[in-house]
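The values are calculated or read from the model by the stated rules, or taken from the named source; none is laboratory data. Values in this document were obtained by computation on a predicted structure and should not be read as measured data. Cβ sites come from the backbone with ideal geometry, for glycine too, and all protein chains shown count toward neighbours. For accessibility, only protein heavy atoms count, side chains too; no ligands or nucleic acids. Shrake-Rupley method; radii C 1.70, N 1.55, O 1.52, S 1.80 Å.
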Amino acid sequence: MIALRSVLFNTIFYANLILRMIVFSPYYFLAPRRSAYKVPKDWARSNHWLMEKIVGTTFEIEGLENLPEGGYILAPKHQSFWDTYALLPWLKDPVYILKRELMWIPLFGWYAKKQRMIPINRGARGKVMVEALRRTKEELATGRQLIIYPEGTRRPPGAEPLYKYGIARMYRDLQLPVVPVAMHPGLFWPRRSTMRYPGHYKVRILKPIEPGMDPDAFFAHLIEVTERASDELLIDAAERNPDLPLPPTVVQRLKELREQQATTA
């Protein structure tokens with residue numbers, strides 16, 4: 001049944017994406033930019049409903065009160081396609097830094113351009129990166145929220161963290177709060193898999209790290225607070241969902257955490 005529900009969800013998920021982009025295009029491209037953001041935000045909400053009704057997956061968000069007013073950098077864990085859109089309904093006017101190739105996709109790229117997303121060539125250096133930073137500063141100066149994944153790419157739940165130092169450079173250069181987010185959607189929507197698993201999990205928005213810290217100290221603090229919360233939520237998800245198939249990285253990490261608890265007890 002889980003395999004059948006996964007196929008059904010995946011089919012409806014992508015049909016929902018394509019149909020909404022087509023049907024709502026007239027409104028989206030004629031409306032003011034911020035008003036048009038209602039279309040992708042409603043799409044995100046509809047995906048949460050589909051996950052609950054078809055797969056049986058639900059989640060709760062802790063710490064919404066930690067989101068500052070105005071501009072800030074949101075720094076979530078990245079495990080799944082789910083976390084690329086999931087928080088959109090709770091963010092006022094988010095902006096992403098995207099691979100430039102995504103902007104070439106028909107409809108999707110046009111939608112992204114309307115919202116002034118920032119395309120970059122990941123292999124580029126020098127002037128290209130300077131221009132990307134200039135664009136980012138320009139957007140955040142209007143009170144937008146930058147979503148950036150500190151590990152750069154999707155990582156399996158429980159895997160050893162591999163944070164990129166670029167988040168520290170952004171923190172230094174943009175002089176804005178950074179809001180870490182811990183979560184484990186990869187347990188229910190695994191990367192590189194078509195399977196979707198039922199269950200319940202938490203998303204935890206942590207307290208913002210205010211600007212002004214030394215970049216190295218900030219980087220170490222970001223990793224420490226995010227990973228501590230991630231470990232807590234990993235234990236919580238495993239206990240809440242005893243029938244959930246756990247990947248080897250999670251099994252190993254839970255073993256390490258239990259050994260640590262036994263040592264300190």
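Scan segment 212-235 for residues that are in contact with a strand residue (DSSP E or B) (Cβ under 9 Å, 6 or more places away or on another chain) and open to solvent by 50 Å² or more (accessible area, probe 1.4 Å) and the total you get is 3.
With a requirement of 1 or more residues that are within 23 Å of Arg154 (Cβ to Cβ), the helices (runs of 4 or more DSSP H) lying completely within segment 1-109 that satisfy it span 2-23, 38-50, 82-85.
If you take the residues in segment 236-256 that are surrounded by fewer than 15 Cβ atoms within 10 Å (Cβ to Cβ) and acidic (Asp, Glu), which one is nearest to Arg204 (Cα to Cα)? Filtering first and then ranking leaves Glu239. Against the criterion of being closer than 22 Å to Glu139 by Cβ, in contact (Cβ under 8 Å) with a residue 24 or more places away in the chain and not hydroxyl-bearing (Ser, Thr, Tyr), Lys92 qualifies.
Under 7 Å by Cβ, and 6 or more places apart or on different chains, what pairs join a residue from segment 232-249 that is farther than 12 Å from Pro190 by Cβ with one that is open to solvent by 50 Å² or more (accessible area, probe 1.4 Å) and aliphatic (A, V, I, L, M)? Note: pairs meeting the criteria are Ala238/Leu246.
Only one of the numbered conditions (1) closer than 27 Å to Ser230 by Cβ; (2) exposed (fewer than 15 other Cβ atoms within 10 Å of the Cβ) is violated by Arg34, and that is (1).
Only one of the numbered conditions (1) in contact with a His (Cβ under 9 Å, 6 or more places away or on another chain); (2) surrounded by fewer than 17 Cβ atoms within 10 Å (Cβ to Cβ) is not met by Pro106, and that is (1).
Conditions (1) more than 23 Å from Gly71 (Cα to Cα); (2) touching a His at 6+ places or on another chain (Cβ under 9 Å), marked per residue:
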| position | (1), (2) |
| --- | --- |
| His184 | yes, no |
| Tyr201 | yes, yes |
| Pro211 | no, no |
| His221 | no, no |
| Thr226 | no, no |
| Leu234 | yes, yes |
| Leu244 | yes, no |
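Listed conditions (1) part of a helix (DSSP H, G or I); (2) in contact (Cβ under 8 Å) with a residue 60 or more places away in the chain; (3) out of contact with any helix residue (DSSP H, G or I) (no Cβ under 9 Å at 6 or more places or on another chain) are all met by Val225, apart from (2). For the residues Arg204, Arg192, the requirement of being touching a residue at least 12 places away in the same chain (Cβ under 8 Å) and of a type outside the set (Ser, Thr, Tyr) singles out Arg204.
Arg5: touching an Asp or Glu at 6+ places or on another chain (Cβ under 9 Å) and either closer than 17 Å to Ala112 by Cα or touching a residue at least 60 places away in the same chain (Cβ under 8 Å) (or both), yes or no? When the stated conditions are applied, Arg5 does not pass them.
Filtering segment 55-90 to residues that are open to solvent by less than 10 Å² (accessible area, probe 1.4 Å) and among the hydrophobic types (A, V, I, L, M, F, W, C) leaves Val55, Ile73, Leu74, Ala75, Trp82, Ala86.
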